[in-house]
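Below: the structure, in structure tokens.
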Amino acid sequence: MAIRRERFKPDDYRIGTVLQNLALLYERVGKYKQAEEYCQDALKLFEKREPDLARTLECFAGLYRKQGKYEEAKELCLQVLAINERYLGPEHSTTAMNLTNLATLSQEQGNYQEAELLYRRVLAVYEHRSEPEYPDIVRILHLLARLYQEQKSYQEAEALYQRAIAISEQHLQQEDNVTAAELNNLAVLYHEQGKYQEAEPLYQRALAIDEQQLGRENHSLNFAINLSNLAGLYEDQGNYQQAKQFYNRALQIRKEVLGWEHPTTVKTRQRYNSLLQVGQQGENDLPELLQPNQPKTEEGQEMYLQE
């Protein structure tokens, strides 16, 4: 940073770009105070350059959101949206992304009606283009489905997931990971409702796609999610031997990618270790956690990570 300042004048906007990048770096590692300081410095340089100002405000909004300061984040998101609508237009990809961020923020605050309107506005932008952007359409369908699922509106969520799968199978053949993700997510929806027969073939299809695309020994976190979800399904049905096999595979991937002490790895290890006790006990003596057909918790299954 010192070298950069020597090369340019103190008010050179290019320094602001460096400040933005530093802010994002500190945000990713959870050093929010330092990130906020760099954002403040960038804002001073970009006061008269609104497109650049919008990017810095968006960085600020992300900081507030991660700290649970939703009202402050929303105010900044609205400022970003106004700037980009003015400079880029209401149907530009960046503007659509701003709307998506605002919708997600509204959803996190429990403002479901507002979130739905914003998601549908974005969906209309993507669908009405002369050349539809199918990956973006699938992503918004997924977010809308998650919104309905969160409200237990399962029929609406199911229809959106099915539509996302159909689009990905028809238009995104070269991106099988997208299809696998939506198959997994629909399976999670069924699993959450106790519809095990509907969920199992979808989990298996997603797993087969990942294995075919990346190989049986692939170490992607989404692959581990699918393994863990299928293990959970077998566990819920009382099929503990198969559940152990899939939890073990998921555990090995998460240990290698995330580390042994990561919360997700720890959770998987606990499930696996509990199942190891099954052979030493009768089913009636199992802890409540392992009793089949127990109601699912909100965090019972996992959605694929959005890349």
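Any read-out appearing in this document is the output of simple, stated calculations on the displayed coordinates, not a laboratory observation. Remember, predicted model here, so these are calculated numbers, not experimental data. FYI the Cβ positions are ideal-geometry reconstructions off the backbone, even for glycines, and counts take in every protein chain you see.
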* To do: Could you work out how far apart the two model spin labels at Glu37 and Gln197 are, taking each label as a point 7 Å from the Cα in the direction of the beta carbon, and quote it in nm?
  => 6.3
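State the volume of the convex hull built on the alpha-carbon positions of region 140-251, expressed per residue in Å³ and rounded to an integer.
Residue-normalised Cα hull volume stands at 94 Å³.
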* Under a Cβ-Cβ cut-off of 12 Å, what is the net charge of the residues other than Leu43 that fall near it, where Lys and Arg count +1 and Asp and Glu count -1? -> -3
* Structure fact -> Projected onto their principal axes, the Cα atoms of region 31-113 stretch, largest extent first, over whole-Å spans of 37, 31, 16
* **Leu78/Gln113 FRET efficiency (R0 25 Å; Cβ-Cβ; nearest 0.05)** => 0.90
* Lys267-Leu221 FRET efficiency (beta carbon distance; Förster radius 22 Å; 0.05 resolution) -> 0.95
* To do: Report the convex hull volume per residue for region 62-200, counting only C-alpha atoms, in Å³.
  => 121
* **12 Å cut-off, amide nitrogen to a point 7 angstrom out along Ala124 Cα→Cβ, residues in region 152-168** => none
* Structure fact -> Of 200-209, 89-98, ordering from highest average Cβ density within 10 Å down gives 200-209, 89-98
